[in-house]
1. What are the residues in the range 88-124 that are in a loop (DSSP other than H, G, I, E, B), among the polar types (S, T, N, Q) and either within 16 Å of ligand 1 (Cβ to nearest atom) or free of Cβ contacts under 8 Å to residues at least 12 places away in the same chain (or both), if any?
2. Count, please, the residues in the range 335-361 that happen to be open to solvent by less than 10 Å² (accessible area, probe 1.4 Å), within 20 Å of the chain's Cα centre (by Cα) and farther than 14 Å from ALA46 by Cα.
3. Scan TYR138, TYR127 and give me the residue that is within 16 Å of THR185 (Cα to Cα), out of contact with any His (no Cβ under 7 Å at 6 or more places or on another chain), in a strand (DSSP E or B) and within 16 Å of ligand 1 (Cβ to nearest atom).
4. Is it fair to say THR297 is open to solvent by 40 Å² or more (accessible area, probe 1.4 Å) and on the phi < 0 side of the Ramachandran plot?
5. Output the residues belonging to the range 225-282 that are more than 16 Å from ligand 3 (Cβ to nearest atom), open to solvent by less than 10 Å² (accessible area, probe 1.4 Å) and in a strand (DSSP E or B).
6. Does any residue of the range 310-324 turn out to be hydroxyl-bearing (Ser, Thr, Tyr) and at pLDDT 95 or above?
7. Consider the range 295-311. How many of its residues are outside any strand (DSSP E or B) and either farther than 16 Å from ALA46 by Cβ or of a type in the set (A, V, I, L, M) (or both)?
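The values are calculated or read from the model by the stated rules, or taken from the named source; none is laboratory data. This is a predicted model, so every value here is computed, not measured. Glycine also receives a Cβ, built like all others from the backbone with ideal geometry; neighbour counts cover every protein chain displayed. Just so you know, the surface numbers come from the protein's heavy atoms only, side chains and all, with ligands and any DNA or RNA stripped out. Shrake-Rupley method; radii C 1.70, N 1.55, O 1.52, S 1.80 Å.
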Amino acid sequence: MNPARALCHILLSLPIIHASSAFQDNAKVPLSISATADRWNITNIAKADIARANAMYKGSSKKRDASVYETNAGGVYTAQVGVGDPPTEYTLLLDTGSSNTWIGANPAHPYNRTDTSKDTGNSVAVYYGFGTFSGEEYNDTVSLGNGLTIKQQSIGVASSCQGFPDFVDGVLGLGPVGLTEGTVTFTNDVPTVVDNLYSQGVIGSLVLGVYFIPFSDASEGELTFGGYDDYAIDGSVTYVPVTTSDPASLYWGIDASISYNGSSILSLSAGIIDTATALILIADDAFSRYQSATGATLEPSTGLYTISDDQYNNIQVLSFDIGGISYNLNPNAQILPRSRTGNQIYLAIVGLGRDSNSGWDFTCGCAFLERYYTIIDSKNLQVGFARTHYTDSKSN
Ligand SMILES: *[C@@H]1O[C@H](CO)[C@@H](O)[C@H](O)[C@H]1NC(C)=O
Ligand SMILES: *[C@@H]1O[C@H](CO)[C@@H](O)[C@H](O)[C@H]1NC(C)=O
Ligand SMILES: *[C@@H]1O[C@H](CO)[C@@H](O)[C@H](O)[C@H]1NC(C)=O
């Protein structure tokens, strides 16, 4: 076992947080998640995020689900998901940028069929840019814990796949249902786990709350299905409509402008929020304004940008203006956790690999989501944001 894998197992066995009782309505239940150690694999984190953004952008022209993971990619939060009755647990990547749920990525942990397993006779294939998976589509009982049990959830069972980290068994698809189109034979849209939780009356609204906590504070988080967790939020929630700009509109896309130290670096543009991206990616022209203002230096071996202690002491607020509200990232929110990066200070922001005006000019990955609670409302096609108790954390 290599050191990265060993560490991964240690982190996955950390105790996980369970938020206590009172939620917006009774049907809401939290799902605890664990961050994997490979989140902060400095060598691959930027490359994997940019490759994913590029593949999703290109794939979207074919209206195809196309996200990318690379072995040892950074930025993956996972959840333990039960399949079957009695359930067998699988470790699935949380992906708001794709919508098929499937297992079987790890041959050492194959599908354990029970009486609830029904082969639909259809095959499934999802192209994830650099990676892919294909196999057979089944119906089975899927349990997310805390009473969140779905009957006859359509899930893929991989017979072949490539490009996935070896510590995951598959993907929990939390993206818009439209991304499933064309992935399963003889089937139009494949209802997602959120769709089925709602249609089967397990949750009262088509809402997903995403709560990620900065690595150095807890390296954990929580998903809430059917609403959001009041206790995680500090203040109020403000919603904006999902963007109409293509191709960001195919994902959980929003419109935002970005400023640094009060000066605009990106005018109002579309981008996406994405749980399977580690960093914050912004269009190259906007990034070069940010780079000049911070004085950051490219480290070619990683594709990340470094700053000195003096430069860190001069870092100003980076702000996403979304629907008239400024979501500020303090200096600490703009760097990777120093507990994982030794003496070097790395920025958590990189260029997207294309200039602005592309219809998708930024990705708010985990580095953003760890500072603002994010609510995906797929019925009203809106995304909400709120401060958390960690928004201004200086723990990195
Ligand atoms: C498969 O499921 C059965 C219950 O139906 C359980 O007893 C068994 O341990 C499971 N196998 C694995 C490898 O998890
Ligand atoms: C799978 O589930 C869907 C939705 O509940 C249902 O319409 C379909 O008949 C099921 N197929 C099988 C083979 O059980
Ligand atoms: C930030 O903006 C203020 C006001 O425009 C300016 O005086 C200051 O030099 C800027 N600081 C940095 C580090 O860019």
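1. ASN106, ASN112, THR114, THR116, SER117, listed by residue number.
2. 3
3. TYR138
4. When the stated conditions are applied, THR297 passes them.
5. PHE225, GLY253, ILE254, ALA256, LEU266, ALA270, GLY271, ILE272, ILE273, ILE280, LEU281, ILE282 - these are the residues of the range 225-282 that are more than 16 Å from ligand 3 (Cβ to nearest atom), open to solvent by less than 10 Å² (accessible area, probe 1.4 Å) and in a strand (DSSP E or B).
6. yes
7. Result for the range 295-311: 6.
Residue-by-condition table, conditions (1) within 14 Å of ligand 2 (Cβ to nearest atom); (2) modelled with pLDDT of 95 or more; (3) open to solvent by 30 Å² or more (accessible area, probe 1.4 Å); (4) not basic (Lys, Arg):
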{"position": "PRO87", "(1), (2), (3), (4)": "no, yes, yes, yes"}
{"position": "TRP102", "(1), (2), (3), (4)": "no, yes, no, yes"}
{"position": "TYR111", "(1), (2), (3), (4)": "no, yes, no, yes"}
{"position": "LYS118", "(1), (2), (3), (4)": "yes, yes, yes, no"}
{"position": "VAL124", "(1), (2), (3), (4)": "yes, yes, no, yes"}
